[in-house]
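Here the structure comes first, spelled out in structure tokens, and everything after it is commentary.
The values are calculated or read from the model by the stated rules, or taken from the named source; none is laboratory data. Keep in mind that this is a model prediction, so the values were computed, not measured. FYI the Cβ positions are ideal-geometry reconstructions off the backbone, even for glycines, and counts take in every protein chain you see.
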């Protein structure tokens, strides 16, 4: 029975997860929505959190630099460090992280 379900799903180019796998994935999804996972936020310095907030609010590097009284190059350096610390590969992921972590609101 189980094997037949797997084959049917895969033949239709669909994913198939065991019940246990589905439970784990769903639980992690809910943890992300509830604000859990904020342990990464604690790994950021206060300045890095400010930069994440400004960038996620739509400010560019130059605008964030002006607000904080630092150079645009310093903002770029912080941004690279933040993305490395958070293990995110794109600006969109950084914004999603900021919203999930409640650094900014959607």
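Brief remarks on what is shown
- So residue 60, is it surrounded by fewer than 16 Cβ atoms within 10 Å (Cβ to Cβ), more than 13 Å from the chain's Cα centre (by Cα) and modelled with pLDDT under 90: no
- Among the candidates 104, 95, 88, 52, residue that is surrounded by 15 or more Cβ atoms within 10 Å (Cβ to Cβ), touching a helix residue (DSSP H, G or I) at 6+ places or on another chain (Cβ under 7 Å), modelled with pLDDT of 85 or more and not in a helix (DSSP H, G or I): 88
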